Each structure stands twice: as C-alpha cells, then as structure tokens.
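A.B. asks: Next up is a structure, given as structure tokens.
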Amino acid sequence: MNVETTISTDIAPLHFDQVRFEHRGHRLLMPTSVTFSGCRRTLIMGPNGAGKSLLMRLAHGLLRPSGGQVRWQGATPVQAMVFQRPVLLRRSALENLTYVLAIRRVPRAQRKARALDVLERFGLAALSKRPARVLSGGEQQRLALARAWLLDPSVLFLDEPTSALDPAAIKAVEDAVNAFHQQGTRIIMATHDLHQARRLADDIIFMYGGQALEHTPADRFFDIPHSPEAAAFIRGELVW
Ligand SMILES: Nc1ncnc2c1ncn2[C@@H]1O[C@H](COP(=O)(O)OP(=O)(O)OP(=O)(O)O)[C@@H](O)[C@H]1O
C-alpha cells in the first residue's frame, strides 16, 4: 500500500439515489437511497435472495441500474471486488499476481519479488508454484485477497467471501479484511452470517425482499433493530 492510501480518510462517498433494478418485469431492487462514506466496514446483511449481491454489483459498477443513479461524489476511487467463488486464472498462484502487476505496469524486474512478498503476507508462500485452480477454497479466497491487495484499493467489495469456508479459513479472510481496513480501505461486504457481522461491522445495511430496510451503526442494529424483519433475522427466525 502506498502512503497516500495508508493515511487517506477522504475516499469519495458513494451515493445511491433512488436506485432500482428490474429484470424481465420483476422489480428485484426497490428504489434505494444509501450513502457509503468514510473508511468504514459496512456489512450488507439479509437472508438469501434479499438483494445483497445486487446492491454490491450495482455499487461496483458491474450492473447498470434500471432507474436512479449510482454516483461517486468526486473522483472514482480504485476499487476491487472479491466474490464468493474466486475467479482465478488458469496459472500458478504466483502468476495470478504477477499478471496483475504487469497490468499495473510494474517493471518486469520487480514483479516476482512483489508478488512473493504478498503471497507471504497472505500465508501462501509455500503454494506459489501450485496451479491456482487446485488450491483449496480457503487458499483460493486468500489468493483473491492477495490479488486485491496488489491493486491498492480505496474501496474493497466482498460478496459473501466466507460462505463456503471452515472456521480457520473464515478467520484468515476476516484478518485480511481488517488488514485492508487498517491500511485505509473502505470495506463493503455482504454476508448472512450474524456472528461475522458482529465481529466486523461498523455499520449494517439490512436487506429484505429487495429493500434496504435499515442502515444503522452495528451496535444499534443488534440492540434495537427498527424493522420486525431485522429483529426476526437477528433471532434466527427469518430464513428467507
Ligand atoms: N443480474 C441479475 N439479473 C436478474 N436477476 C438477478 C440478477 N442478480 C440477481 N438476480 C435476482 O435478484 C434476487 C436477489 O438476488 P441477490 O443475489 O442479490 O440476493 P442475495 O441477497 O445476495 O442472496 P444470497 O444470500 O442467496 O446470495 C434473486 O431473486 C436473484 O435471482
């Protein structure tokens, strides 16, 4: 991470102004207005099918809204996204990283050392020569995070990155998320894991039925949720 990112507190706010998303006549995201600002860890929660991924993909620019506006207030910052199932190149773990450095025009002579450095940071040094696609789920997710690290993002989106992982691998991903955050990266992460949200979140957006029902600081969300749906979700009674 460069120094600017390390001390940055001025990441452009991201505004959703009455953003909606429709597909074949079905309204999948109701008109939604939220703002992501500062260097916070915002966790998007809600049951299956609530619209968490849709919100993330609209925010990252992977989907175009059917109406309303997704708008960065200021220069669009460097962003990275980590998915539930990592999308990795059919190359070694090391080459997945040197490829990113080549795209970023890092001089060839520096690429291998930088990539190895980051593999080491993410506990993957011993696996550097292994084909990325034969790595375990947890290792692949750490490689995806290592690749994101090389992009030096101001904003990191993570879409249920731990849903298929065991507790040790979940902890490794959460440690990495906190490392990004400590370096000054805004975190926007979807999860339906309440325990994970309690561990990580500064604030929570609660989605249900394509609606963002709440956007509140995490402690308030868990103590006094506004909506009956969120209250039921916290009690473990709302499965979908
Ligand atoms: N690109 C798309 N085109 C059409 N429909 C979509 C698209 N993306 C999602 N959907 C639909 O929108 C609804 C919400 O999906 P979304 O993936 O956002 O839910 P989610 O809250 O992330 O759920 P899960 O926890 O199961 O991942 C679902 O009914 C899904 O089938």
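A.B. asks: Residues being aromatic (Phe, Trp, Tyr) and either within 15 Å of the ligand (Cβ to nearest atom) or on the phi > 0 side of the Ramachandran plot (or both): count how many of those fall in the range 62-90.
C.D. replies: 1
A.B. asks: Can I ask one more? Would you mind listing the helices (runs of 4 or more DSSP H) fully within the range 1-116 where at least 1 residues are under 25 Å from ALA230 (Cβ atoms) and within 21 Å of the chain's Cα centre (by Cα)?
C.D. replies: 52-60
A.B. asks: I've got another one for you. If ALA126 passes every condition in (1) touching a Lys or Arg at 6+ places or on another chain (Cβ under 6 Å); (2) part of a helix (DSSP H, G or I) but one, which one does it miss?
C.D. replies: It fails just one condition, (1).
A.B. asks: Looking at ALA93, ALA59 in this structure, which one is away from the ligand (no atom under 16 Å from the Cβ) and crowded, with 16+ Cβ neighbours inside 10 Å?
C.D. replies: Checking each option against the conditions leaves just ALA93.
A.B. asks: Next up: Considering only residues that are among the hydroxyl-bearing types (Ser, Thr, Tyr) and over 22 Å from ILE234 (Cβ atoms), look in the range 24-55 and name the one that is nearest to the ligand (Cβ to nearest atom).
C.D. replies: So, considering only residues that are among the hydroxyl-bearing types (Ser, Thr, Tyr) and over 22 Å from ILE234 (Cβ atoms), the one nearest to the ligand (Cβ to nearest atom) is SER33.
A.B. asks: OK, next. Do we find that ILE234 is crowded, with 16+ Cβ neighbours inside 10 Å, more than 21 Å from the chain's Cα centre (by Cα) and modelled with pLDDT under 95 in this structure? Give the steps one after another, and end with the answer.
C.D. replies: Working: crowded, with 16+ Cβ neighbours inside 10 Å: yes; more than 21 Å from the chain's Cα centre (by Cα): yes; modelled with pLDDT under 95: yes.
Spelling it out, ILE234 is indeed crowded, with 16+ Cβ neighbours inside 10 Å, more than 21 Å from the chain's Cα centre (by Cα) and modelled with pLDDT under 95.
A.B. asks: Something else: Just need a number here: residues in the range 144-181 that are within 23 Å of ALA12 (Cα to Cα), within 16 Å of the ligand (Cβ to nearest atom) and of a type in the set (D, E, K, R).
C.D. replies: Residues that pass the stated criteria total 1.
The values are calculated or read from the model by the stated rules, or taken from the named source; none is laboratory data. Predicted, not measured: the structure shown is a model, and the values here were computed from it. Glycine gets a Cβ as well: all are built from the backbone with ideal geometry, and neighbour counts include every protein chain shown.
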